[in-house]
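Have a look at the structure below, then the notes.
The values are calculated or read from the model by the stated rules, or taken from the named source; none is laboratory data. Please read all numbers here as calculations on a predicted model, not as lab measurements. For neighbour counting, all protein chains shown are included, and Cβ atoms are generated from backbone atoms with ideal geometry for every residue, glycine included. Side chains are part of the model used for accessible areas, which takes the heavy atoms of the whole protein and leaves out ligands, DNA and RNA. Shrake-Rupley method; radii C 1.70, N 1.55, O 1.52, S 1.80 Å.
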Amino acid sequence: MNARYAAETGGSRPGAVAVIRIDTEDADGFFRACAMAPVSPGASAVRRVLGLDEALVARPDSRTLFIMPHGGGAILRGVAEGLDRLGLRRAEGDAHRWPEARDAIEERMLGVLAEATSPRAVGLLLDQPRRWRAHDPGDGMADAHVLSRLIRPPLVAAVGGANIGKSSLLNAVSGASVALAFDRAGTTRDAVGVLVELDGLVVRWLDTPGIDALGTPAAMIALDGARQADLVLRCVDSTADASDPDPAAIEADLVVATRADRGRPGFRADAVTSASTGLGIAELARLIRSSLTPDAVLDDPRPWRFWDAAAQA
Ligand SMILES: Nc1nc2c(ncn2[C@@H]2O[C@H](COP(=O)(O)OP(=O)(O)OP(=O)(O)O)[C@@H](O)[C@H]2O)c(=O)[nH]1
Ligand SMILES: [Mg+2]
């Protein structure tokens, strides 16, 4: 029978009254299958349910039923077993919030879609029911670790020396003044995390205090942020002398030259930027996005176990 049910009252925990919701396109078929006199849409009535108990049966619309028997454990188990025998599917978790879903993948997809942070998640999630229906297990799956970043924002830590434009860079990529930028070393005292959309991927951008010397509290906060990050940007002032010792020379995924309107960098950089003129800001956003969620993974046509990522979120 194409119908599903869910206990609205705490699963199998006993209570005075239990509420079991049934979603079905064929309520009349359901009434026939359990030998129960039908209840009209908009009405409620007391009915004997599955030979187990007298229950209030409410039908707010043509495709939704609420069955409210006494809430003892034995009755609840009996009703669940009876519904299983009739071929109703038991909805998992919050899945019954999506009665319009046509199958279990679509139910899960609608739940995850409501929580996903990145615009790039939308098209991919909407396509998952089709992909799972056509799935050949021999083909394997898309990279769930990488794709989970579309649901749960990955952490990007911007670290570097003091007063070299790290906070201004965050303001430039976010298109808003979210971080305090000021012409004085030590303006950023704590790690500041902000959600920023970069080329369709939402990341948590950690603006860290400048590292003037290793071992200082500021450096410890910055390095701690870098350790936790999915992607570390090492920001270096474009006018820095490449031969100067750099206290912030920590291991990083990308080197970003800042304040490049004041002079082109004399060192190798993955991105050359100016928060003042906007130079390289869009390119940096694309580079971060493609480093965290490469095109090859986003374009992978195979299905994605997206519900695991949502469960960890
Ligand atoms: N010319 C120019 N100046 C910039 C640019 N970005 C930042 N600045 C200036 O550089 C100074 C320091 O900028 P911040 O963004 O506060 O630098 P920071 O690295 O966050 O500094 P701390 O938090 O103190 O480590 C400010 O006076 C900014 O106006 C830029 O792209 N070009
Ligand atoms: Mg700062």
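Quick look at the values:
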read-out: Hits in the stretch 39-96 (condition: of a type in the set (S, T, N, Q) and either outside the structural domain of ALA18 (by TED's automatic domain parsing) or not in a strand (DSSP E or B) (or both)); value: SER40, SER62
read-out: Hey, ASP241 in a helix (DSSP H, G or I) and either surrounded by fewer than 17 Cβ atoms within 10 Å (Cβ to Cβ) or of a type in the set (Phe, Trp, Tyr) (or both) or not; value: no
read-out: Any chance SER290 is open to solvent by 30 Å² or more (accessible area, probe 1.4 Å) and not in a strand (DSSP E or B); value: yes
read-out: Every residue from the stretch 143-177 that is open to solvent by 20 Å² or more (accessible area, probe 1.4 Å) and either part of a strand (DSSP E or B) or not assigned by TED's automatic domain parsing to the domain that holds LEU195 (or both); value: LEU155
read-out: Failed criterion for GLY200 (all others in (1) at pLDDT 90 or above; (2) buried (at least 19 other Cβ atoms within 10 Å of the Cβ); (3) out of contact with any Gly (no Cβ under 9 Å at 6 or more places or on another chain) hold); value: (2)
read-out: Residue count, the stretch 261-290 (criterion: of a type in the set (A, V, I, L, M) and more than 20 Å from VAL196 (Cβ to Cβ)); value: 1
read-out: Residue list for the stretch 256-278, filter: crowded, with 18+ Cβ neighbours inside 10 Å and either of a type in the set (S, T, N, Q) or in a loop (DSSP other than H, G, I, E, B) (or both); value: THR258, ARG259, PRO265, ALA269, THR273, SER274, ALA275
